[in-house]
Amino acid sequence: MNKIGIRAHDVGTFPAGELAAKIRAYGFDAMQLVFLKALADPVDFSNLAPLAAALSDVEVTMLGAYFNPVHPDPDFVAAGIAYFEHVLDASGPLHALCVGTETGSLMGSPWGYVPENHASETLARVIGIVRHLTEYAAATGRTVAIEGAWAHVAYTPEKLHEVLTAVANPHLKAIVDLYNYLTPENHEQRMTILDRCFAELKDDIILFHLKDYVVADGKLKQVGLGKGLMDFPAIIARIAKETPDARLIFEGVTGPDIATSFTLISDLIRKEH
């Protein structure tokens, strides 16, 4: 059965034990954790046992160590790689399933769209870095997870599949965030795009990010799950059928929307299982 989790800092920033208790109180089994955004106290990387104990009631599905692998400043890229490796080292003691990042943008900061993002040579740069990180992870039994987005380098499920195929390592997995592939021009094809995610990535999907949205002033705007255009009964039915072990992580769901979104998705999961 698909476990349901939430990006921890969407609940808030707290000491680790309090954070885990709040996440469990909503009913979640899992979390996506970014140390600097969710934890009120600094992480002691030399002694992770207390943190692991404080978080033990909730699965750490993914540690977020997102960085821009094609940032135009090579110092930013080097720092991102070093930190990602540091978090990979921590993922073992914290029993995290994976450490995740996106495929970045030549814009630098913010990670917006520029046409060169979608060039084949830019994808080749990303593949080289992901290969390095995955080999680092494999040496100690850790796992890297990579996420595509339309504005970024892996801008379709097919492009993310190219990364996975080029690296060809079981320690590299895929994150599917359907919303991230959508634009004002293609959003009505969202279920077709989801079909493409399964066709291209099914055997490698470790987690899904769940988001909902409306169109406002010609732009996509996130809303609580079930309050927008996403057909979650159809989406959850497909996930449960195709990838019953993949985790479902709420991302960008905050405040009162957390409880209502959890009720919606947990009811749909029970229906499918």
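Being in contact with a Ser or Thr (Cβ under 9 Å, 6 or more places away or on another chain), closer than 16 Å to residue 166 by Cβ and aliphatic (A, V, I, L, M) narrows it down to one of 88, 133, 106, so name that one.
On the way: 88 fails: closer than 16 Å to residue 166 by Cβ; 106 fails: closer than 16 Å to residue 166 by Cβ.
Only one candidate qualifies: 133.
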Practice problem: For the range 204-222, indicate whether the set of residues that are acidic (Asp, Glu), within 18 Å of residue 3 (Cα to Cα) and at pLDDT 95 or above is non-empty. | Solution: yes
Quiz item: Is it the case that residue 47 is farther than 28 Å from residue 257 by Cβ and either among the β-branched types (Val, Ile, Thr) or surrounded by fewer than 21 Cβ atoms within 10 Å (Cβ to Cβ) (or both)?
Solution: yes
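Residues are listed down the side, and each one gets a yes or a no for (1) farther than 25 Å from residue 186 by Cα; (2) modelled with pLDDT under 95; (3) of a type in the set (Ser, Thr, Tyr):
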position	(1), (2), (3)
135	yes, no, no
143	yes, no, yes
152	no, no, no
170	yes, no, no
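The values are calculated or read from the model by the stated rules, or taken from the named source; none is laboratory data. Being a predicted model, the structure only gives us computed values, none of them experimental. Ideal geometry is used to build each Cβ from the backbone, glycine not excepted, and the neighbour counts take in all protein chains shown.
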